[in-house]
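A short worksheet on the structure shown next.
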Amino acid sequence: MEKTFNEQESLRVITEMIENTKSKFCNNSFFYLLWGWLVFLASASNFILVQIGYAYSWLPWPVLMFGGGIVSVIAGIRMGKKTKVVTMFDTMMIYLWNGFLVTLFIILFVAASGNLSWNISNALIIALYGLGTFVSGGVLKFKPLIFGGVISWAIAVATVYVPENYSLLMVTLSITVTYLIPGYLLKFRKNS
Amino acid sequence: MFKQLDPLLHQQLRLQIVSLLMNVEKAEFNYLAEKTGATKGNISVQLTKLKDAGYIEIHKSFRNNYPLTTCNITPKGIEAFENYVAALKDYIGEKK
(Lines give C-alpha, C1' and ligand atoms only; values in the text may rest on other atoms or scores of the structure.)
Protein backbone atom coordinates (compact mmCIF):
# COMPACT_ATOMS: atom_id res chain seq x y z
CA MET A 1 0.00 0.00 0.00
CA GLU A 2 1.52 3.30 -1.06
CA LYS A 3 1.12 6.17 1.35
CA THR A 4 0.67 9.56 -0.31
CA PHE A 5 2.08 12.51 1.55
CA ASN A 6 1.87 16.27 1.36
CA GLU A 7 4.29 18.91 0.07
CA GLN A 8 5.64 19.85 3.50
CA GLU A 9 6.52 16.23 4.13
CA SER A 10 8.26 16.09 0.73
CA LEU A 11 10.49 18.98 1.73
CA ARG A 12 11.26 17.37 5.09
CA VAL A 13 12.24 14.09 3.38
CA ILE A 14 14.56 15.86 0.91
CA THR A 15 16.20 17.93 3.68
CA GLU A 16 16.65 14.87 5.92
CA MET A 17 18.31 12.84 3.17
CA ILE A 18 20.69 15.70 2.31
CA GLU A 19 21.65 15.92 6.02
CA ASN A 20 22.19 12.15 6.04
CA THR A 21 24.76 12.23 3.25
CA LYS A 22 26.72 15.08 4.85
CA SER A 23 28.10 13.28 7.87
CA LYS A 24 30.89 11.27 6.28
CA PHE A 25 33.15 14.10 5.13
CA CYS A 26 35.62 14.01 7.98
CA ASN A 27 36.58 10.33 8.16
CA ASN A 28 39.89 10.74 6.30
CA SER A 29 41.92 12.32 9.13
CA PHE A 30 43.71 8.94 9.40
CA PHE A 31 45.63 9.49 6.16
CA TYR A 32 46.59 13.07 7.00
CA LEU A 33 47.97 11.96 10.37
CA LEU A 34 49.74 8.87 9.01
CA TRP A 35 51.52 10.73 6.19
CA GLY A 36 51.99 13.83 8.31
CA TRP A 37 53.94 11.90 10.92
CA LEU A 38 55.88 9.81 8.36
CA VAL A 39 57.06 12.87 6.39
CA PHE A 40 57.73 14.72 9.67
CA LEU A 41 59.93 11.86 10.97
CA ALA A 42 61.65 11.32 7.61
CA SER A 43 62.57 14.97 7.05
CA ALA A 44 63.56 15.58 10.70
CA SER A 45 65.72 12.42 10.92
CA ASN A 46 67.26 13.14 7.49
CA PHE A 47 68.24 16.59 8.79
CA ILE A 48 69.75 15.17 11.99
CA LEU A 49 71.67 12.45 10.07
CA VAL A 50 73.10 15.11 7.72
CA GLN A 51 74.23 17.12 10.76
CA ILE A 52 76.08 14.16 12.30
CA GLY A 53 77.64 13.34 8.91
CA TYR A 54 76.03 9.93 8.31
CA ALA A 55 76.67 8.78 4.72
CA TYR A 56 73.17 7.38 4.10
CA SER A 57 71.26 10.28 5.60
CA TRP A 58 68.45 9.88 3.02
CA LEU A 59 67.70 6.34 4.28
CA PRO A 60 64.64 7.29 6.44
CA TRP A 61 62.74 8.32 3.27
CA PRO A 62 62.52 5.02 1.36
CA VAL A 63 62.01 3.03 4.61
CA LEU A 64 59.22 5.21 6.02
CA MET A 65 57.53 5.95 2.67
CA PHE A 66 57.51 2.29 1.64
CA GLY A 67 56.10 1.30 5.06
CA GLY A 68 53.51 4.09 4.82
CA GLY A 69 52.55 2.96 1.32
CA ILE A 70 51.84 -0.58 2.54
CA VAL A 71 49.83 0.65 5.56
CA SER A 72 47.86 3.02 3.27
CA VAL A 73 46.99 0.32 0.76
CA ILE A 74 45.81 -2.05 3.54
CA ALA A 75 43.83 0.72 5.28
CA GLY A 76 42.38 1.83 1.93
CA ILE A 77 41.18 -1.68 1.10
CA ARG A 78 39.68 -2.10 4.59
CA MET A 79 37.89 1.24 4.41
CA GLY A 80 36.72 0.43 0.86
CA LYS A 81 35.09 -2.76 2.13
CA LYS A 82 33.19 -0.84 4.82
CA THR A 83 32.16 1.99 2.50
CA LYS A 84 28.61 1.62 1.28
CA VAL A 85 28.47 4.85 -0.64
CA VAL A 86 30.73 6.84 -2.94
CA THR A 87 30.24 10.60 -3.17
CA MET A 88 31.59 12.97 -5.83
CA PHE A 89 33.97 14.23 -3.12
CA ASP A 90 35.44 10.76 -2.62
CA THR A 91 36.15 10.42 -6.33
CA MET A 92 37.62 13.91 -6.48
CA MET A 93 39.90 13.19 -3.51
CA ILE A 94 41.13 9.93 -5.04
CA TYR A 95 42.06 11.69 -8.30
CA LEU A 96 43.60 14.66 -6.48
CA TRP A 97 45.90 12.59 -4.25
CA ASN A 98 46.84 10.09 -6.97
CA GLY A 99 47.75 13.03 -9.21
CA PHE A 100 49.67 14.46 -6.25
CA LEU A 101 51.70 11.23 -5.95
CA VAL A 102 52.55 11.15 -9.67
CA THR A 103 53.68 14.81 -9.60
CA LEU A 104 55.71 14.10 -6.45
CA PHE A 105 57.52 11.22 -8.16
CA ILE A 106 58.24 13.38 -11.21
CA ILE A 107 59.81 16.07 -8.98
CA LEU A 108 61.85 13.42 -7.11
CA PHE A 109 62.93 11.85 -10.43
CA VAL A 110 64.06 15.20 -11.84
CA ALA A 111 65.85 16.02 -8.56
CA ALA A 112 67.57 12.62 -8.46
CA SER A 113 68.80 13.10 -12.05
CA GLY A 114 70.82 16.06 -10.76
CA ASN A 115 69.03 18.70 -12.82
CA LEU A 116 67.40 20.36 -9.82
CA SER A 117 68.95 21.50 -6.54
CA TRP A 118 67.42 20.01 -3.37
CA ASN A 119 66.38 23.50 -2.33
CA ILE A 120 64.25 23.94 -5.43
CA SER A 121 62.85 20.41 -5.38
CA ASN A 122 61.94 20.72 -1.68
CA ALA A 123 60.28 24.08 -2.42
CA LEU A 124 58.26 22.46 -5.24
CA ILE A 125 57.26 19.52 -3.02
CA ILE A 126 56.14 21.91 -0.25
CA ALA A 127 54.11 23.93 -2.80
CA LEU A 128 52.56 20.67 -4.05
CA TYR A 129 51.55 19.70 -0.48
CA GLY A 130 50.03 23.17 -0.25
CA LEU A 131 47.95 22.60 -3.38
CA GLY A 132 46.69 19.22 -2.13
CA THR A 133 45.58 20.54 1.25
CA PHE A 134 44.21 23.80 -0.19
CA VAL A 135 41.91 21.94 -2.61
CA SER A 136 40.89 19.36 0.05
CA GLY A 137 40.14 22.16 2.50
CA GLY A 138 37.99 23.95 -0.06
CA VAL A 139 36.01 20.81 -0.89
CA LEU A 140 35.57 19.81 2.76
CA LYS A 141 34.86 23.44 3.70
CA PHE A 142 37.48 23.04 6.43
CA LYS A 143 39.41 26.27 7.04
CA PRO A 144 42.50 24.84 8.84
CA LEU A 145 43.33 22.88 5.67
CA ILE A 146 42.84 25.95 3.45
CA PHE A 147 45.07 28.07 5.72
CA GLY A 148 47.59 25.19 5.92
CA GLY A 149 47.79 25.20 2.12
CA VAL A 150 48.34 28.97 1.94
CA ILE A 151 51.00 28.90 4.69
CA SER A 152 52.69 26.04 2.83
CA TRP A 153 52.98 28.18 -0.30
CA ALA A 154 54.65 30.93 1.74
CA ILE A 155 57.05 28.34 3.22
CA ALA A 156 57.77 27.07 -0.34
CA VAL A 157 58.87 30.55 -1.45
CA ALA A 158 61.01 30.98 1.69
CA THR A 159 62.63 27.55 1.10
CA VAL A 160 64.37 28.83 -2.05
CA TYR A 161 66.38 31.25 0.12
CA VAL A 162 67.46 29.00 3.02
CA PRO A 163 70.76 27.00 3.02
CA GLU A 164 70.30 23.64 1.27
CA ASN A 165 70.46 21.48 4.42
CA TYR A 166 67.85 23.58 6.15
CA SER A 167 65.35 23.08 3.32
CA LEU A 168 64.64 19.73 5.02
CA LEU A 169 63.50 21.57 8.14
CA MET A 170 61.18 23.63 5.92
CA VAL A 171 59.57 20.34 4.81
CA THR A 172 59.17 19.40 8.50
CA LEU A 173 57.59 22.79 9.20
CA SER A 174 55.23 22.68 6.21
CA ILE A 175 54.03 19.14 6.98
CA THR A 176 53.20 20.28 10.52
CA VAL A 177 50.98 23.12 9.32
CA THR A 178 49.45 21.36 6.30
CA TYR A 179 48.89 17.83 7.60
CA LEU A 180 49.42 17.38 11.34
CA ILE A 181 47.58 20.37 12.82
CA PRO A 182 44.59 20.18 10.40
CA GLY A 183 44.61 16.36 10.72
CA TYR A 184 44.17 16.55 14.51
CA LEU A 185 41.55 19.30 14.18
CA LEU A 186 39.67 17.14 11.65
CA LYS A 187 39.83 14.16 14.02
CA PHE A 188 38.64 16.36 16.88
CA ARG A 189 35.74 17.67 14.75
CA LYS A 190 34.80 14.08 13.88
CA ASN A 191 34.75 12.99 17.53
CA SER A 192 32.91 16.02 18.88
CA MET B 1 -1.97 26.81 -12.58
CA PHE B 2 0.15 24.44 -10.53
CA LYS B 3 2.60 22.09 -12.18
CA GLN B 4 1.79 18.43 -11.73
CA LEU B 5 3.92 16.76 -9.04
CA ASP B 6 5.65 13.72 -10.56
CA PRO B 7 3.66 10.81 -9.04
CA LEU B 8 6.72 8.60 -9.22
CA LEU B 9 8.65 10.91 -6.91
CA HIS B 10 5.71 11.99 -4.76
CA GLN B 11 5.94 8.94 -2.57
CA GLN B 12 7.96 8.90 0.63
CA LEU B 13 10.37 6.03 0.07
CA ARG B 14 11.01 6.74 -3.61
CA LEU B 15 11.66 10.40 -2.80
CA GLN B 16 14.02 9.34 0.01
CA ILE B 17 15.94 7.09 -2.36
CA VAL B 18 16.21 9.67 -5.14
CA SER B 19 17.19 12.46 -2.68
CA LEU B 20 19.98 10.23 -1.31
CA LEU B 21 21.20 9.32 -4.79
CA MET B 22 21.21 13.01 -5.83
CA ASN B 23 24.02 13.64 -3.33
CA VAL B 24 26.23 10.67 -4.07
CA GLU B 25 27.88 9.10 -7.07
CA LYS B 26 26.66 5.62 -6.21
CA ALA B 27 25.25 3.87 -3.15
CA GLU B 28 24.87 0.27 -2.04
CA PHE B 29 21.48 -1.27 -1.38
CA ASN B 30 22.35 -1.65 2.32
CA TYR B 31 23.21 2.04 2.55
CA LEU B 32 19.74 2.94 1.22
CA ALA B 33 18.17 0.54 3.72
CA GLU B 34 20.17 2.03 6.59
CA LYS B 35 19.41 5.66 5.72
CA THR B 36 15.71 5.26 4.88
CA GLY B 37 14.88 2.75 7.62
CA ALA B 38 12.57 0.93 5.19
CA THR B 39 12.37 -2.83 4.73
CA LYS B 40 14.55 -4.41 2.07
CA GLY B 41 11.51 -5.82 0.27
CA ASN B 42 9.90 -2.40 0.00
CA ILE B 43 13.13 -0.76 -1.18
CA SER B 44 13.56 -3.46 -3.78
CA VAL B 45 10.07 -2.81 -5.18
CA GLN B 46 10.60 0.96 -5.33
CA LEU B 47 14.04 0.60 -6.92
CA THR B 48 12.54 -1.47 -9.71
CA LYS B 49 9.88 1.21 -10.33
CA LEU B 50 12.53 3.93 -10.47
CA LYS B 51 14.69 1.83 -12.75
CA ASP B 52 11.77 1.10 -15.11
CA ALA B 53 11.16 4.86 -15.36
CA GLY B 54 14.83 5.34 -16.27
CA TYR B 55 15.49 7.49 -13.17
CA ILE B 56 18.16 5.21 -11.72
CA GLU B 57 20.55 2.47 -12.78
CA ILE B 58 21.02 -0.73 -10.78
CA HIS B 59 24.25 -2.70 -10.95
CA LYS B 60 24.55 -6.18 -9.57
CA SER B 61 27.96 -7.66 -8.73
CA PHE B 62 29.71 -9.70 -6.04
CA ARG B 63 31.96 -8.81 -3.13
CA ASN B 64 33.56 -11.55 -1.03
CA ASN B 65 31.15 -14.02 -2.64
CA TYR B 66 28.12 -12.02 -1.46
CA PRO B 67 25.82 -10.35 -3.99
CA LEU B 68 26.27 -6.60 -4.06
CA THR B 69 23.70 -4.19 -5.47
CA THR B 70 24.68 -0.59 -6.17
CA CYS B 71 22.49 2.17 -7.56
CA ASN B 72 23.12 5.55 -9.12
CA ILE B 73 20.89 8.29 -10.46
CA THR B 74 20.67 8.91 -14.23
CA PRO B 75 20.53 12.31 -16.01
CA LYS B 76 16.81 11.64 -16.55
CA GLY B 77 16.42 11.05 -12.80
CA ILE B 78 18.27 14.28 -11.98
CA GLU B 79 16.00 16.22 -14.34
CA ALA B 80 12.89 14.61 -12.82
CA PHE B 81 14.08 15.48 -9.30
CA GLU B 82 14.79 19.09 -10.29
CA ASN B 83 11.37 19.41 -11.91
CA TYR B 84 9.80 17.90 -8.80
CA VAL B 85 11.53 20.45 -6.55
CA ALA B 86 10.46 23.28 -8.88
CA ALA B 87 6.84 22.06 -8.80
CA LEU B 88 7.09 21.75 -5.01
CA LYS B 89 8.20 25.38 -4.78
CA ASP B 90 5.10 26.33 -6.80
CA TYR B 91 2.88 24.56 -4.30
CA ILE B 92 4.53 26.08 -1.28
CA GLY B 93 4.48 29.50 -2.90
CA GLU B 94 8.17 30.28 -2.81
CA LYS B 95 8.37 30.84 -6.53
CA LYS B 96 8.35 34.47 -7.59
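Worth pointing out:
- A:V162 vs. criteria aliphatic (A, V, I, L, M), exposed (fewer than 14 other Cβ atoms within 10 Å of the Cβ) and more than 11 Å from the chain's Cα centre (by Cα): no
- Condition check for A:F25: at pLDDT below 80 and surrounded by fewer than 16 Cβ atoms within 10 Å (Cβ to Cβ): no
- Strands (runs of 3 or more DSSP E) enclosed by chain B - at least 2 residues per element that are touching a Phe, Trp or Tyr at 6+ places or on another chain (Cβ under 8 Å) and more than 18 Å from A:T15 (Cβ to Cβ): B:66-73
- Count of region A:83-140 residues which are of a type outside the set (A, V, I, L, M, F, W, C) and in contact (Cβ under 8 Å) with a residue 60 or more places away in the chain: 1
- Restricting attention to region B:68-96 and to residues that are free of Cβ contacts under 8 Å to residues at least 12 places away in the same chain and away from chain A (no Cβ under 14 Å), the residue that is surrounded by the most Cβ atoms within 10 Å (Cβ to Cβ) turns out to be B:E79.
- Subset tally (residues that are within 14 Å of chain B (Cβ to nearest Cβ) and within 17 Å of A:G148 (Cβ to Cβ)) for region A:77-136: 1
- Of all residues making up region B:25-52, the number that are at the interface with chain A (Cβ under 7 Å from one of its Cβ atoms), without any contact (Cβ under 8 Å) to a residue 24 or more places away in the chain and hydrophobic (A, V, I, L, M, F, W, C): 0
- For A:F134, the test of being buried (at least 18 other Cβ atoms within 10 Å of the Cβ) and either assigned to a loop (DSSP other than H, G, I, E, B) or among the aromatic types (F, W, Y) (or both) is passed.
- Candidate set from region B:1-11 (those that are at the interface with another protein chain (Cβ under 9 Å from one of its Cβ atoms) and touching a helix residue (DSSP H, G or I) at 6+ places or on another chain (Cβ under 6 Å)); member that is modelled with the highest pLDDT: B:L9
- In the set A:Y184, A:Y161, only one residue is touching a residue at least 40 places away in the same chain (Cβ under 8 Å) and not aliphatic (A, V, I, L, M); that residue is A:Y184.
The values are calculated or read from the model by the stated rules, or taken from the named source; none is laboratory data. If you're wondering where the values come from, they're calculated on a predicted model, not measured in any experiment. All Cβ positions, even for glycine, are placed from backbone atoms using ideal geometry, and neighbour counts span all protein chains on display.
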